[in-house]
Each structure stands twice: as C-alpha cells, then as structure tokens.
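Asks: Provided herewith is a single structure, encoded as structure tokens, for subsequent inquiry.
The values are calculated or read from the model by the stated rules, or taken from the named source; none is laboratory data. This one's a predicted model, so the numbers in the text were calculated from it and none came from an experiment. As a convention, Cβ positions derive from the backbone with ideal geometry for all residues, glycine included, and neighbour counts pool all protein chains shown. Accessible surface areas use protein heavy atoms only, side chains included; no ligands, DNA or RNA. Shrake-Rupley method; radii C 1.70, N 1.55, O 1.52, S 1.80 Å.
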Amino acid sequence: MLSLIKLPRVFTINQVPKVFHEDSIISGYRHPRSSATDCILSLFQLTNETLNIWTHFLPTWYFLWKLVMVVLIQRAWQDSFTWPLLIFLFSCCIYPLTSSCAHTFSTMSARARHICFFFDYGALSFYSLGSAIVYSAYVFPDKWMNSLFHQYYIPIAVLNTVICTALACYSRCAENCFLLIQFPECQRPKFSKYMRVVAFAYPYLFDNIPLFYRVFFCVGEGCTDMNTNILHYYHITLALLTGFLFATHLPERLAPGSFDYIGHSHQLFHVCGILATHFQMEAVEQDMMIRRSWLREHSLPITFASSLGAALFCVVQNLIIIILFSLPLLSGPVCKEKKHNKGKKRSSAKVSPCC
C-alpha cells in the first residue's frame, strides 16, 4: 500500500534553513515547508526524526493503559490518596505524546517548529510537577514528613515549573525579523542550549531532593529503607544518562553523519527518558502500596490544592506562557530571502535565512 504513495523527499543540512539544523546531523532532513500530510507520511519513511517520533508515541499508549487501570481499578476519583498518582500518570502520558507531535509537525514552517517545541517544553515541565506531587505524597523519607520543607515543597515545585517553561521557551530561536520579541538562539546557540539544560535540570534536581536524601544519605531509623529503593536507583541512573545525552550530543558529535538516521543522541535520550519514567512509575506505585497505611496516619493530608489544584494551575500558567511566546511568531511579518539566496537552485529547500 505504501509503495503506491509518494513519500516526501529528504534533504541535507545545507539545503534547509539554520533553524532546522541539528548538531552533527548531516542528512535526513524533511522539507522545511512540509504540509501536515507530508509530516504524517514521513512517519513511514526513514528520516532523522522518524525514531524520535516513534520512541515517544508508542510508550504513550503504555502509560495511558497504566492511567486507565488506576482510574478503573483503584477508583482514583473516589479516594484523594490516589490523586497524586493520577496526576503523575497523566503527566507521563502528556509529555511523550506532546513530544511525538512536536517532532512530527515541526517541519511545517520555522514558526510551527518553535510553537511545537513550546508545547513540548510545557509538557516536560508539567511532568516535572507531576513527579513532585507524587513524591510529596508517597516518596518523602519518614524523617522529613510534615517538616517545613515538606510543607513548602509543592508551592516551590509549582514556581519552578513556571520558570522552567518560560526559560525554555525563551531559549528557542525565532527569526530575527519578528519585531515584537527577540530570542537568543540565533546569536548565541550554545548559550541557548545551556539555558535549556538548566531550565530542566534545576526542577529535576529540586524535585528529587527528598529521593536523593532517602536513597543516598539517610541512615538509621526513619529512612524508609525498602526494596523500592532499587527501582529508584534504576530511575536515577537512567535520568542522569538522559541528561548527559541531551547535553553532549554523543555519539553523533564523534562521527558527524554516521548516526543521522539511527543511533543519534536524541533517539537515545528519548529511550533512556522513557525507561527512567517506567522505573519511576514502578517505584512510586510500590511506595504507595507498601506505605499506604503509614502515610495516611503520619503524612500531610492530600488536598485538592496540593494535588489537582496545583496541576491545573500549572497547566493554565504554561498555556499562558506558550501563548505569550507564540503570539509574536503568529503576528510577525514573513521573512524574505536574502539576495545571496536568489541564485539557489529550485531543488534547494531553503526558504528563510533568518535563523
């Protein structure tokens, strides 16, 4: 059937605008003015984005199945103790789905690319808050229960989420001819990359303070030393590997062009991130089941404000931030070709020199 369909052409790095360039990826680029149909068809051909899409799209359905099981079997809506798990599982569904959509439709235009990844960043920061909410409810070490840090943990996590989304969106490259807002990536791409790393590393490190203390530093009575900790070790190891791959662009940086289609860092980053989320999910569910009776008696009560309310506030704030960063892109003038591009062959996919 697919043999009867004409699949979109792929291009090299020299044939697409700079805004679409990926570090050390030489070939496999889709047309920077792809139609929505072309973007969907590209799912079934090998480009440098194909595995980025599928490595997040397929796990979405596994996480959705886990969420449905919690709703149907544990009757989440009837028991406030289950609300944090529900929020966490929902965030686990949202971030890979948003990421796969962003990678799929990001080549419709330079503007679409920025907006797609604004949503991607918002979904990742929401996942960060989901982790904080579920950690506050089930993972905090016994010694820290009801402490001052525990009481302010969720409000600080909410603030971190808003800052994370705003900083990550600001770091993206927008075309210089948009008049209402300027983005730093065109002028200082490495600085923008570091900005995104910090935007997501800081909330992760803060969210995991109670977990790091519990599994690495806490000794003696009240340290919640259970079999669950091994699952937390797996999650932490894979999460650190995920961050390392995102920041270093290995292995493609060692051999540019050799990992364009299979094996580049973003694909490995996706796989490690999904595995980390899986082990995190298993650990959290096990903590919840084992500690349920003790937590109900000794932990802070789970309220609407500290769970569902915080999640809804995060969603609204992230959408506002995304809209604020997207409006200049939607209302700005269309970039025109520079004179030195007029002589290019028609086969070139270059459409904008702005970034």
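Asks: Yes or no: ALA174 open to solvent by less than 40 Å² (accessible area, probe 1.4 Å), modelled with pLDDT under 95 and over 18 Å from LEU327 (Cβ atoms)?
Replies: Numbers: open to solvent by less than 40 Å² (accessible area, probe 1.4 Å): yes; modelled with pLDDT under 95: yes; over 18 Å from LEU327 (Cβ atoms): no.
Judged against the criteria, ALA174 is not a match.
Asks: Of all residues in the stretch 63-107, how many are without any contact (Cβ under 8 Å) to a residue 12 or more places away in the chain, out of contact with any Ser or Thr (no Cβ under 7 Å at 6 or more places or on another chain) and in a helix (DSSP H, G or I)?
Replies: Selection size over the stretch 63-107: 7.
Asks: While we're on this one: Just need a number here: residues in the stretch 137-156 that are surrounded by 14 or more Cβ atoms within 10 Å (Cβ to Cβ) and in contact (Cβ under 8 Å) with a residue 60 or more places away in the chain.
Replies: To start, the set of residues in the stretch 137-156 that are surrounded by 14 or more Cβ atoms within 10 Å (Cβ to Cβ) comprises 137-145, 147, 150, 153-154, 156.
Filter once more, keeping what is in contact (Cβ under 8 Å) with a residue 60 or more places away in the chain: 137-145, 150, 154.
Counting residues in the stretch 137-156 that are surrounded by 14 or more Cβ atoms within 10 Å (Cβ to Cβ) and in contact (Cβ under 8 Å) with a residue 60 or more places away in the chain gives 11.
Asks: Of everything in the stretch 9-31, what is among the β-branched types (Val, Ile, Thr), touching a residue at least 24 places away in the same chain (Cβ under 8 Å) and open to solvent by 30 Å² or more (accessible area, probe 1.4 Å)? Give them in sequence order. Please lay out each step first, then the result.
Replies: Our first condition is that a residue be among the β-branched types (Val, Ile, Thr); within the stretch 9-31, this holds for 10, 12-13, 16, 19, 25-26.
From the residues that got through so far, the ones that are touching a residue at least 24 places away in the same chain (Cβ under 8 Å) too are 10, 16, 19, 25-26.
Selection gives VAL10, ILE26.
Asks: Condition first: within 20 Å of CYS169 (Cα to Cα) and in contact with a Cys (Cβ under 7 Å, 6 or more places away or on another chain). Now tell me which residues in the stretch 131-158 satisfy that.
Replies: Once the filter is applied, which keeps residues that are within 20 Å of CYS169 (Cα to Cα) and in contact with a Cys (Cβ under 7 Å, 6 or more places away or on another chain), the stretch 131-158 yields only VAL158.
Asks: Here is a follow-up. Restrict the check to the stretch 32-41 and report whether at least one residue is out of contact with any Pro (no Cβ under 8 Å at 6 or more places or on another chain), in contact (Cβ under 8 Å) with a residue 24 or more places away in the chain, open to solvent by 40 Å² or more (accessible area, probe 1.4 Å) and assigned to a loop (DSSP other than H, G, I, E, B).
Replies: yes
Asks: Hey, another quick one. Would you mind stating whether LYS6 is on the phi < 0 side of the Ramachandran plot, touching a residue at least 60 places away in the same chain (Cβ under 8 Å) and open to solvent by 30 Å² or more (accessible area, probe 1.4 Å)? Working first, answer last.
Replies: Values: on the phi < 0 side of the Ramachandran plot: yes; touching a residue at least 60 places away in the same chain (Cβ under 8 Å): no; open to solvent by 30 Å² or more (accessible area, probe 1.4 Å): yes.
No; evaluated as a whole, the condition is false for this residue.
Asks: Is it the case that TYR194 is at pLDDT 95 or above, part of a helix (DSSP H, G or I), open to solvent by 20 Å² or more (accessible area, probe 1.4 Å) and at negative phi?
Replies: no
Asks: Take ILE53 and decide whether it is out of contact with any strand residue (DSSP E or B) (no Cβ under 8 Å at 6 or more places or on another chain) and open to solvent by 40 Å² or more (accessible area, probe 1.4 Å).
Replies: On the way: out of contact with any strand residue (DSSP E or B) (no Cβ under 8 Å at 6 or more places or on another chain): yes; open to solvent by 40 Å² or more (accessible area, probe 1.4 Å): no.
Judged against the criteria, ILE53 is not a match.
Asks: Among the residues of the stretch 207-216, which ones are touching a residue at least 40 places away in the same chain (Cβ under 8 Å) and open to solvent by less than 20 Å² (accessible area, probe 1.4 Å)?
Replies: ASP207, ASN208, PRO210, LEU211, ARG214
Asks: Would you confirm whether or not the stretch 108-126 contains a residue that is part of a helix (DSSP H, G or I), open to solvent by less than 10 Å² (accessible area, probe 1.4 Å), closer than 30 Å to CYS218 by Cβ and among the polar types (S, T, N, Q)?
Replies: Within the stretch 108-126, one or more residues are part of a helix (DSSP H, G or I), open to solvent by less than 10 Å² (accessible area, probe 1.4 Å), closer than 30 Å to CYS218 by Cβ and among the polar types (S, T, N, Q).
Asks: Have a look at LEU240, LEU231, LEU250 and point out the one that is of a type in the set (A, V, I, L, M) and either open to solvent by less than 20 Å² (accessible area, probe 1.4 Å) or not in a helix (DSSP H, G or I) (or both).
Replies: Within the list LEU240, LEU231, LEU250, the selection yields LEU250.
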